[in-house]
Amino acid sequence: MGLSGRKEKILQAVVDGYINSCEPISSAEIKERHLPALSTATIRNELAALEEMGYLVQPHTSAGRIPTAEAYRLYVERLMPKRKLTRSELKTVKRYFNRKITELDDVLKSTAKVISEITNLTSVAYAQDINDAVIQNIKIVKVTDTTALVIIVTSLGILKDATLSLGENVDDEYCKSTSEFITGIFAQRTISEVLKPKNVIKQVKKEYEQVFKTVLKILKSYSHEEMISDIVLEGSAKILEQPEYANLQKAKAMLEILDAKEELVPVLKNNDDMNLSIKIGKDNEIREGMPECAIVTASYSINGVNIGQAGVIGPIRMDYPKVISVLDYIGKTINMLPEHAGESSDGEEADGSHSDE
């Protein structure tokens with residue numbers, strides 16, 4: 001059965017109020033703050049109807065109502081207002097990304113940190129299986145007489161660099177010739193192609209062997225099996241600040257889930273090509289007995305290639321408009337990184353959204 005416009009307004013008032021206060025919302029409060037034209041008797045009748053429909057529960061007979069997981073699902077689908085980031089929040093995002101970020105690992109770590117800082121929730125970032133990234137160039141850069149830096153440039157930018165010990169008296173000519181040789185082997189091939197056993201070159205000139213092995217090691221670290229251990233979590237302790245997890249047993253269960261990071265992979269992966277995923281309550285039950293929670297994640301891309309997902313884990317009573325606005329703006333910022341990384345701009349934001357707060 002569909003909801004009338006009045007029921008939707010009352011349900012939205014309950015969800016908004018409960019998100020802010022974590023206290024049951026009464027008919028008097030709804031009338032005073034949201035719908036002054038309605039009588040408290042009318043609001044009470046509508047609250048009772050919404051309770052019968054499964055959208056609200058009443059903890060005690062004399063208390064107000066609180067939303068169910070079903071109410072939050074309807075809220076995020078149809079009722080929640082749009083939220084603009086404040087100037088302070090925009091500055092926080094810029095502080096993390098207005099510096100030169102070259103490695104994919106750094107992008108994910110910065111993303112997780114800024115999401116947790118702005119939302120005050122536990123954040124998570126997960127690197128997509130990027131085996132389809134195309135290798136474009138491999139540079140060997142002399143650091144000292146005995147060491148060099150290996151830099152792998154792909155269609156996603158720089159994956160990772162590594163310092164390599166090469167013995168004594170390494171000169172610039174050696175670095176140049178090595179770069180050309182190694183690039184000739186790997187360029188224009190995807191990571192997955194390079195890592196297939198039949199494609200690994202068995203015979204490499206001895207003088208380039210150490211560099212060759214280092215490149216393979218870096219690329220292998222980006223294979224799907226290896227990336228599971230690279231899930232980034234920030235603000236795990238913030239779970240304990242939420243009233244929903246004040247119970248020691250619930251808090252312990254949530255922290256155990258966060259500690260077993262590999263268990264998060266199935267709910268973080270977006271198999272349906274959705275840019276935004278909102279899973280509430282039973283939608284994301286990772287293990288039996290897990291406390292009720294919500295997981296909101298967004299897919300992030302560079303140069304049109306998906307690099308992974310990032311978002312938040314917290315109570316189903318979270319500020320969804322704020323979380324979604326944060327994830328959306330960070331997505332636009334990341335997508336501009338290859339062109340604008342390291343530049344500082346005081347111009348208009350990616351989506352033009354700003355606030356005078």
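Pairs please, first residue from region 304-317 and in a strand (DSSP E or B), second anywhere and polar (S, T, N, Q) and surrounded by fewer than 19 Cβ atoms within 10 Å (Cβ to Cβ), Cβ atoms under 8 Å, 6+ apart in sequence or on different chains.
Qualifying pairs under 8 Å: Val305/Ser155; Ile307/Ser301; Gln309/Asn270.
Loosely packed, with under 13 Cβ neighbours inside 10 Å, at pLDDT 75 or above and either of a type outside the set (Ser, Thr, Tyr) or closer than 22 Å to Arg73 by Cβ (or both): which single residue out of Lys205, Lys217, Lys261 fits that description? Before the answer, list the steps.
On the way: Lys205 fails: at pLDDT 75 or above; Lys261 fails: loosely packed, with under 13 Cβ neighbours inside 10 Å.
That would be Lys217, the only listed residue that is loosely packed, with under 13 Cβ neighbours inside 10 Å, at pLDDT 75 or above and either of a type outside the set (Ser, Thr, Tyr) or closer than 22 Å to Arg73 by Cβ (or both).
Does Glu256 meet the test of being at pLDDT 80 or above, under 24 Å from Ala127 (Cβ atoms), assigned to a helix (DSSP H, G or I) and out of contact with any Leu (no Cβ under 7 Å at 6 or more places or on another chain)?
The answer is yes for Glu256.
Being under 23 Å from Arg83 (Cα atoms) and touching a residue at least 60 places away in the same chain (Cβ under 8 Å), is that true of even one residue in region 22-39?
yes
Which of the residues that make up region 220-232 are surrounded by fewer than 17 Cβ atoms within 10 Å (Cβ to Cβ), modelled with pLDDT of 65 or more and of a type outside the set (Gly, Ala, Ser)?
Lys220
Can you find a residue that is more than 28 Å from Glu263 (Cα to Cα), modelled with pLDDT under 80 and surrounded by fewer than 19 Cβ atoms within 10 Å (Cβ to Cβ) anywhere in region 147-157?
Scanning region 147-157, I find at least one residue that is more than 28 Å from Glu263 (Cα to Cα), modelled with pLDDT under 80 and surrounded by fewer than 19 Cβ atoms within 10 Å (Cβ to Cβ), so the answer is yes.
Tell me which residues, restricted to region 16-41, are acidic (Asp, Glu), within 15 Å of Arg65 (Cα to Cα) and surrounded by fewer than 18 Cβ atoms within 10 Å (Cβ to Cβ).
Glu23
The values are calculated or read from the model by the stated rules, or taken from the named source; none is laboratory data. Being a predicted model, the structure only gives us computed values, none of them experimental. Backbone-built Cβ (ideal geometry, glycine too); neighbour counts: all protein chains shown.
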